[in-house]
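Student: I have a structure here, written as structure tokens, and I will follow up with some questions on it.
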């Protein structure tokens, strides 16, 4: 028997839940977020200025995420986090960046080799996210598999959110309470920020994960 589908009650409660470590980290940066949004508003109509602004100002946020020692990214976790992301940031591109940085950090939690955490921290601060892994990490076959296995689990969490969004039965209750726009935003944000991580997954790992699942 498969996992039960998410319920509306669970989803709505998750939007209000502020217990997740990433949510608490974002809340603790309230002043940073306020200043970030004020300055972002001045450049948001110019793509090049927007990208330069993000490169210059993402470091405190990336560092805060990378300081976290442990967190999960189950479907309701992602919903809780993204509810807070929407409250903390008004800009679209910063949401794309977070949809990359947070799963990348999640991917290295539990890896003892410091070079993995150092790489994620560096890429998050300087390139605003992670795409492909450098040669030294790709040659670390055990931890490379662990990293991509965890990313695949994030992908499955996103699939569960999409299943709920697309598969819930139509009802009067849904029309009043079910915020389909919010869930669609999660899908779009992760499509732009997270999928680059999966794109560079080595074929042999992808095939192994398919067999296991």
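Student: From the helices alone, meaning DSSP H stretches of at least four residues, give me the mean residue ellipticity at 222 nm for the chain, per-run term -39500 (n - 2.57), in deg cm²/dmol to the nearest 500.
Tutor: -23000 deg cm²/dmol
Student: Work out how much length residue 203 to residue 56 would gain on full extension: take 0.36 nm times their residue separation and subtract the Cα-Cα distance, in nm to one decimal.
Tutor: Difference between extended and current length: 49.4 nm.
Student: Just to verify a number: FRET efficiency for residue 35 and residue 141, C-beta to C-beta distance, R0 = 41 Å, to 0.05?
Tutor: With a Förster radius of 41 Å, E is 0.45.
Student: Calculate, in nm to one decimal, what residue 114 and residue 92 gain on full extension: separation in residues at 0.36 nm each, minus their alpha carbon distance.
Tutor: So the chain would gain 4.8 nm between residue 114 and residue 92.
Student: Can you give me the distance in nm between label points at residue 166 and residue 210, each placed 7 Å from the Cα along the Cα-to-Cβ direction?
Tutor: Reported label-point gap for residue 166 and residue 210 is 1.9 nm.
Student: Another question about this same structure. Any chance you could check the Cα centroid distance between region 26-47 and region 186-205 for me, in angstrom?
Tutor: Cα centroid to Cα centroid, the span is 26 Å.
No value in this document is a laboratory result; all are computed from the given coordinates. Everything numeric here is computed off the predicted structure, so don't read it as measured data. Neighbour counts run over all protein chains shown; Cβ positions are idealised from the backbone, glycine included.
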